[in-house]
Amino acid sequence: MESLGKSRRQWWGLAAATVLIALCVGLISHAYALRHFLNETQARGQVTLRLAVASISSALERYERLPQLLADRSDIRRVLLNPAGPALRDQLSIQLQRVNTLLGSSDIYVMDRTGLTLAASNYQLPTSFVGQSYNYRPYFTEAMAGKTGNYYALGTMSLKRGYYFSAPVKLGDEIIGVVTVKIAVDRIEDSWRGGEHLVLVTSDDGVVFMSGRPDLLYKSMQPLTPDRAAAIKQSRRYANADVTDMTVSVRGRHDNFPLIAGDLLGLGQFMELTQAMAGPGWNVQVLASTLGASREAVVVSAIAVLLVLLAGAGAALMMGRRNQLAERLRLQQMARDQLEQRVAERTADLNSANAKLKLEVRERKTAEEELKRTQEDLVQAGKLAALGQMSAALSHEFNQPLAALKTYAENAGVFLERGQAGTARSNLDQVVKLADRLASISRRLRNFARKPEEQPRPVPVRAVIEETLELLGARLRQSGVQVSADLPDEAMHVLGGSVRLQQVLMNIISNAIDASEASPERGIEVNTETVNGEASILVRDHGAGVAANVAARIFDPFFTTKGVGKGLGLGLSISYNIIKDFGGNLSVSNHPDGGALFRISLQAAAAPLPEVAE
């Protein structure tokens, strides 16, 4: 009985110690794991915050100086000096509409010294600003004080959000009116939707006016006291929008970053990262959910507790066997040794497998990132290779105008010395035309060599084909290959990217030139067609065509039929992947009348329309 009582006391003591150790290990591991995962959440949130601030700054800087440039227009001064002339106002409104469409802004309008709108780019819309007074807007009062103004507000006519830039129109030292440019902010926040983190932008009154979630617009991040609510309503910044309290509470801090929660934000807590924008006076906030970090920390602590309990259970099992089989001490000792060895081996196997799994995950992530970078580098390398192939012909394209420039300039000097100003003027006109030609060639090359856009968008097919043929013009003339291009109308658009689509056409037409040079009939035909919402660009050469065994591998990387040193076999592979990224298809076949026929099939898209103003 005494032995049995001692055994029970040992068992309960071991159980209590195991539970206590498991509790301590669980708490410590949870604390360390939670801090680690919160640090990762913080790092990702800071990256998102920097990107959001950069996108906002870029969008605002594009239009910041536009009102000052418009304020110098003589037609705006004429309308402000003669506001009673309807013909002048209508003519100015038409000009403002053209400028607004060209620059992609939301609205452009002109106000007199009282704040009354005399002309606006949206003069034909039901929400026209013409006849409306905006003398209560801060951007008007700042401009009338001789300064440039900027202000965020919800449009009182269209109820659309926008950011306003303004500048005074001066006649000598007298301010006779104000020019205002409005840009829409919803295009900025489109890139925030569906992201890992929630992005908010608040003005100096603490109200959210830009967000990746529309339901959080016009919510106050600060307590909405009666005085604040009255001040916000009096400012008329948000028109008739209902500004309400978001009701968030601070639950703690992590490295000086608040951890907040609120019913409108969703489940769990959010780490709040904030950066102020001094220019517009905004605060950009990124709310990074800590729910994932908490769950991962719980999993880590649960694993630690489970390991401790398993170890305690093993110890209890060994102790029970020892007490029950005291008479068989040798066998029990052997069994315990075997059990300890088995536990150690399984633990080692588990640790080894866990380490291998972590290493494999890291290697896979690294490989995926490297693959993405390699693909991007290959696309850019393909374009630079194409430019390299054209270098000799382009050198000729540049040398001819440069030589002519020198000759015309020298002749102009001689004619000026002889007093033949008319003839010298004619020579100088030729110099200007040649300089424009050089600038055009340089601009096409620069556009082609730049990094492409990421997201597919409507691309004008006619412009892409014309620019590609212009870039290849020198090589076409040098090779003697004639291009017959049946260009589509301006309305034909496809979903893709202009730079990368131009690279695909550059590769295919370059290959067509190579194939046609060895043919008696040196010709290339470029056509387009649209069938059932799918637009196709067809390029046919008059070469020998594509053999069946070559057609099966023509889009494989590093496959080429050219001689050594004449190609890497990457052009068509890169082109094939680019078209696949656009959701289209690139195929090759033999034309019934001879030669190879490449077909680029893409989803047809509507031409982008200018956005309706405030």
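A compact table of results
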| read-out | value |
| --- | --- |
| First in the range 212-229 and free of Cβ contacts under 8 Å to residues at least 40 places away in the same chain, second anywhere and part of a helix (DSSP H, G or I) and among the aromatic types (Phe, Trp, Tyr), Cβ under 9 Å, 6 or more apart | 212/192; 213/192 |
| Given (1) surrounded by fewer than 17 Cβ atoms within 10 Å (Cβ to Cβ); (2) in the same structural domain as residue 194 (by TED's automatic domain parsing), index of the condition residue 248 fails | (1) |
| Single match in 148, 156, 180, 141 (criterion: surrounded by 15 or more Cβ atoms within 10 Å (Cβ to Cβ) and either assigned by TED's automatic domain parsing to the domain that holds residue 235 or without any contact (Cβ under 8 Å) to a residue 40 or more places away in the chain (or both)) | 141 |
| Residue within the range 223-233 that is within 31 Å of the chain's Cα centre (by Cα) and farther than 23 Å from residue 161 by Cα present | no |
| Failed criterion for residue 147 (all others in (1) out of contact with any Pro (no Cβ under 6 Å at 6 or more places or on another chain); (2) not in a loop (DSSP other than H, G, I, E, B) hold) | (2) |
| Hey, residue 33 out of contact with any Leu (no Cβ under 8 Å at 6 or more places or on another chain) and either in contact (Cβ under 8 Å) with a residue 40 or more places away in the chain or not assigned by TED's automatic domain parsing to the domain that holds residue 174 (or both) or not | yes |
| Test result for residue 113, of a type in the set (D, E, K, R), over 29 Å from the mean Cα position of the chain (by Cα) and within 30 Å of residue 314 (Cβ to Cβ) | no |
| Qualifying residue in the range 103-110 (condition: at pLDDT 90 or above and either hydrophobic (A, V, I, L, M, F, W, C) or assigned to a loop (DSSP other than H, G, I, E, B) (or both)) | yes |
| For residue 52: the one exception among (1) crowded, with 17+ Cβ neighbours inside 10 Å; (2) more than 26 Å from residue 282 (Cβ to Cβ); (3) small (Gly, Ala, Ser) | (2) |
| Residue match in the range 206-221 (condition: among the β-branched types (Val, Ile, Thr) and more than 17 Å from residue 272 (Cα to Cα)) | no |
| Filter result for the condition that a residue is under 29 Å from residue 161 (Cα atoms) and not hydrophobic (A, V, I, L, M, F, W, C), over 115, 13, 26 | 115 |
| Residue match in the range 92-113 (condition: within 14 Å of residue 180 (Cα to Cα), touching an Asp or Glu at 6+ places or on another chain (Cβ under 8 Å) and small (Gly, Ala, Ser)) | yes |
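Each row is one residue, and each column tells you yes or no for (1) out of contact with any Leu (no Cβ under 7 Å at 6 or more places or on another chain); (2) part of a loop (DSSP other than H, G, I, E, B); (3) of a type in the set (Ser, Thr, Tyr).
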position	(1), (2), (3)
153	yes, no, no
156	yes, yes, yes
163	no, no, yes
167	yes, no, no
176	no, no, no
179	no, no, no
190	yes, no, no
195	yes, yes, no
199	yes, no, no
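The values are calculated or read from the model by the stated rules, or taken from the named source; none is laboratory data. Computed from a prediction, not measured in an experiment: that's the story for all the values here. Neighbour counts run over all protein chains shown; Cβ positions are idealised from the backbone, glycine included.
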